[in-house]
Amino acid sequence: MSHIPFAITAYILNGVAILVDKFMLTNYFPDPLVYIFYFSIYSLIVLFLIPFLPTPTLTTFLLSSSYMISWLVGSYLMFKGLQKGLASRVVPIIGALVPIFLIFYYGYLRQQIPPVEKSAGIVLTAGLLILIIPNLKGKIKIQELSLEILSALSFSFAYILLRQAYRDAPFLVVFAWSKLILIPIGLSLFIYPKTRRIILTQKNGSKWSLLSSAGALFISGQIAGGASELLITFSISLANPALVNSLQGIQYIFLFIASIILGKSYPKVYSEQHHFSQIFLKLIGILVVGCGLFILAAAMSVRI
């Protein structure tokens, strides 16, 4: 079974989640810790699967839990980076660094990627880099860059741990048991007074609840993000994490088109100026990503 359609769908859904996150962080949430808390709470729904699944080994459980913690750290650092710099720059830089780190780890240190697929990953990553070049505007502060690098490293480490866990247990076992660690994380965030105040505080007096339109938007974003995580983890159970993450250029193509459309209705949140040179580079990036997808699909068809 090919990972390509699952990964592409995952990154489009992740693009939807990022658009919602940007809207909520701009208008309602003062700190990204709110997202970590609600993600921990909503993800506990998966625990209902545990009674129907086999118990993993201690090694698999530790790998799954470590993956979840590392993924949460990467998410928090990414959201902190969004508060320091431009959204159109922070997310793509992190997204481009992750496959670079993974290709280096799997392709060169571990030699676990076949040459043709390694070439496809490199082409896809080159397309990612071309797509983010137009967004490298404004002064990048050391703090922002540090957050981006640390976030990418955390995500890369998480995917390496996840891939290792899948070597020892089936997809659903790893996916469900990885959420068990969220119980103490969510409780500790709410019990500790300082983090509880952050979670309960709303930005600039903006009121929202889960029953409001903003709440419905937030829930929709969480569903899209949860579905994206599910599909990405499933894709990693089918293929090397470096190949899965090299497909992330699809997400930036989606964000590029969506930001143009949404910028007309919400200029303060999404609108950005797109000069001819920026559009030209992004079109080149789209073509390079398309070439990478063609090489990867051809390599996978030969293997099958």
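Worth a mention:
- Cα-Cα over 25 Å, subset of LYS118/LYS179; LYS80/LYS118; LYS84/LYS118; LYS22/LYS282; LYS84/LYS194: LYS118/LYS179; LYS80/LYS118; LYS84/LYS118
- Residues of the stretch 23-46 with amide N under 18 Å of a point placed 7 Å along Cα→Cβ from SER220: 23-29
- Counted residue by residue at 0.36 nm each, then reduced by the alpha carbon distance between them, the extension gain from ASP168 to SER188 reaches 4.2 nm.
- Rounded if a/c under 1.5, otherwise prolate or oblate - the stretch 155-267, Cα gyration tensor axes: oblate
- As a calculated quantity, the FRET efficiency between ILE133 and SER2 at R0 = 22 Å, using C-beta atoms, amounts to about 0.15.
- Efficiency of FRET from Cβ geometry, LEU47 and THR201, R₀ 22 Å, rounded to 0.05: 0.20
- Under the simplified labelling scheme, the LEU180-LEU58 pair shows an inter-label distance of 1.3 nm, with each label point 7 Å from Cα along Cα→Cβ.
- Computed from the C-beta positions of ILE142 and ILE261 and an R0 of 25 Å, the FRET efficiency is 0.15 to the nearest 0.05.
Throughout, read-outs are computed from the coordinates displayed, never taken from laboratory work. What you are looking at is a predicted structure, and each value in this text was computed from that prediction instead of being measured. Note that we place each Cβ from the backbone using ideal geometry, even for glycine, and neighbour counts take in every protein chain shown.
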